[in-house]
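Enquirer: What follows is a single structure, and I will ask about it in a moment.
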Amino acid sequence: YTYDQSITRYSISTNSAVTSWDDIYLEALPDVNLYIKTAEEQELPGYAGVGKILKAYIYSIAVDMYGEAPFTQGTQFTENLSPEFDGGLAVYKGVFELIDRGLEDLQVEGAAMPATTSDYFFAGDKAKWIRAAYSLKMKLLIQVKDLADAELQQRVATELPDILANQRYIISSSDDWEFKLGTTNNPHN
């Protein structure tokens, strides 16, 4: 259960799963795909990197919520109205690839980043986006550490120690990956 648009004291109803599914597949993913496509067409790897990290995060929510999800065919909307579901393992592997590609884009020398006023998470701060990407990767590596899959076990064995030893993750609360609802500090934020 990701969020609700009104204060409901977290009263989950029969529509909660449908609403979350629609939010992911009908709203968030089409938007982020268009964002990535436009960034790549305009040769803006910093923007594309941000989009890929957001897309990885969205899919990580989907697989965590549902266990399996349309991933390889999940955003071919008009071409395929009945996409096949990928197993959780395949979705996690795809999410790790998205994070890796996003990090590659973010680390392109001199890559322009989203404007301060349009990046509601980190105000165009590349270093914070990189920390967020590694934090997401670390969280997911911890989640899959006990799965019997050689590829994922290799990732856990090599990447997790590197992230931890080099403190690539979010360390300070000033770097938190959070959406601020305005500039004032009030209970709703």
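The values are calculated or read from the model by the stated rules, or taken from the named source; none is laboratory data. Quantities reported herein were computed from a predicted structural model and do not represent experimental measurements. Note that we place each Cβ from the backbone using ideal geometry, even for glycine, and neighbour counts take in every protein chain shown. SASA here: full protein model, heavy atoms, side chains in, ligands and nucleic acids out. Shrake-Rupley method; radii C 1.70, N 1.55, O 1.52, S 1.80 Å.
Enquirer: Criterion first (over 17 Å from Asp31 (Cβ atoms) and either at pLDDT below 95 or in contact with an Asp or Glu (Cβ under 9 Å, 6 or more places away or on another chain) (or both)) does Gly67 satisfy it? Show your work before the answer.
Expert: On the way: over 17 Å from Asp31 (Cβ atoms): yes; either at pLDDT below 95 or in contact with an Asp or Glu (Cβ under 9 Å, 6 or more places away or on another chain) (or both): yes.
Here the answer is yes, as Gly67 does meet what is asked.
A quick yes/no check of all residues on (1) out of contact with any helix residue (DSSP H, G or I) (no Cβ under 9 Å at 6 or more places or on another chain); (2) surrounded by fewer than 11 Cβ atoms within 10 Å (Cβ to Cβ); (3) among the hydrophobic types (A, V, I, L, M, F, W, C):
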| position | (1), (2), (3) |
| --- | --- |
| Val95 | no, no, yes |
| Leu98 | no, no, yes |
| Leu103 | no, no, yes |
| Thr116 | yes, yes, no |
| Ile130 | no, no, yes |
| Leu140 | no, no, yes |
| Ala150 | yes, yes, yes |
| Ala157 | yes, no, yes |
| Ala165 | yes, yes, yes |
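Enquirer: Show the residue pairs that are 6+ apart or on different chains and have beta-carbon atoms under 7 Å apart, the first residue being within the stretch 40-55 and closer than 17 Å to Tyr134 by Cα and among the β-branched types (Val, Ile, Thr), the second being assigned to a loop (DSSP other than H, G, I, E, B) and at pLDDT below 95.
Expert: Val50/Pro114
Enquirer: Next question, about the same structure. Within the stretch 167-181, track down each residue that is assigned to a helix (DSSP H, G or I) and surrounded by 10 or more Cβ atoms within 10 Å (Cβ to Cβ). Don't jump to the end; show me each part of the working.
Expert: Restricting attention to the stretch 167-181, the residues satisfying the condition of being assigned to a helix (DSSP H, G or I) are 173-175.
Once the filter is applied, which keeps residues that are assigned to a helix (DSSP H, G or I) and surrounded by 10 or more Cβ atoms within 10 Å (Cβ to Cβ), the stretch 167-181 yields only Asp175.
Enquirer: Please go through (1) modelled with pLDDT under 95; (2) closer than 30 Å to Leu147 by Cβ for Ser11 and return the number of the only condition it doesn't satisfy.
Expert: (2)
Enquirer: Out of curiosity, is Tyr120 free of Cβ contacts under 8 Å to residues at least 60 places away in the same chain and of a type in the set (Phe, Trp, Tyr)? Don't jump to the end; show me each part of the working.
Expert: Numbers: free of Cβ contacts under 8 Å to residues at least 60 places away in the same chain: no; of a type in the set (Phe, Trp, Tyr): yes.
The answer is no for Tyr120.
Enquirer: In addition: Within the stretch 102-126, work out how many residues are of a type in the set (Gly, Ala, Ser) and at pLDDT 95 or above.
Expert: Taking the stretch 102-126 and keeping what is of a type in the set (Gly, Ala, Ser), we get 102, 110-112, 115, 118, 123-124.
Now restrict to residues that are at pLDDT 95 or above: 102.
Selection size over the stretch 102-126: 1.
Enquirer: Search the stretch 149-189 for residues being hydrophobic (A, V, I, L, M, F, W, C) and modelled with pLDDT under 90, and hand back the single one that is nearest to the chain's Cα centre (by Cα). So that I can check it myself, show each step before the final result.
Expert: Let us first name the residues in the stretch 149-189 that are hydrophobic (A, V, I, L, M, F, W, C), namely 150, 152, 156-157, 160, 163-165, 170-171, 177, 179, 181.
Still in the list and also modelled with pLDDT under 90: 177, 179, 181.
Details: Trp177: 11, Phe179: 13, Leu181: 19 Å.
The qualifying residue nearest to the chain's Cα centre (by Cα) is Trp177.
Enquirer: Moving on to the next point. Could you please find all residues in the stretch 79-103 being among the charged types (D, E, K, R) and without any contact (Cβ under 8 Å) to a residue 12 or more places away in the chain?
Expert: First, the residues of the stretch 79-103 that are among the charged types (D, E, K, R): 79, 84, 86, 93, 97, 100-101.
Passing the criteria: Glu79, Glu97, Asp100.
Enquirer: Out of (1) free of Cβ contacts under 8 Å to residues at least 40 places away in the same chain; (2) outside any loop (DSSP other than H, G, I, E, B), the odd one out for Gly110 is which?
Expert: (2)
Enquirer: Could I ask something else about it? Tell me, yes or no, whether the stretch 76-97 has at least one residue that is in a strand (DSSP E or B), at pLDDT 90 or above and more than 16 Å from the chain's Cα centre (by Cα). Full working, then the answer.
Expert: The first filter runs over the stretch 76-97 and keeps only residues in a strand (DSSP E or B), leaving 86.
Now narrow it down to the ones that are at pLDDT 90 or above: 86.
If we keep only those that are more than 16 Å from the chain's Cα centre (by Cα) too, we end up with 86.
Checked the stretch 76-97: at least one residue is in a strand (DSSP E or B), at pLDDT 90 or above and more than 16 Å from the chain's Cα centre (by Cα).
Enquirer: Can you say whether Gln76 is open to solvent by 90 Å² or more (accessible area, probe 1.4 Å) and free of Cβ contacts under 8 Å to residues at least 40 places away in the same chain, as far as the supplied structure shows?
Expert: Values: open to solvent by 90 Å² or more (accessible area, probe 1.4 Å): no; free of Cβ contacts under 8 Å to residues at least 40 places away in the same chain: yes.
Taking the combined requirement at face value, the residue does not satisfy it.
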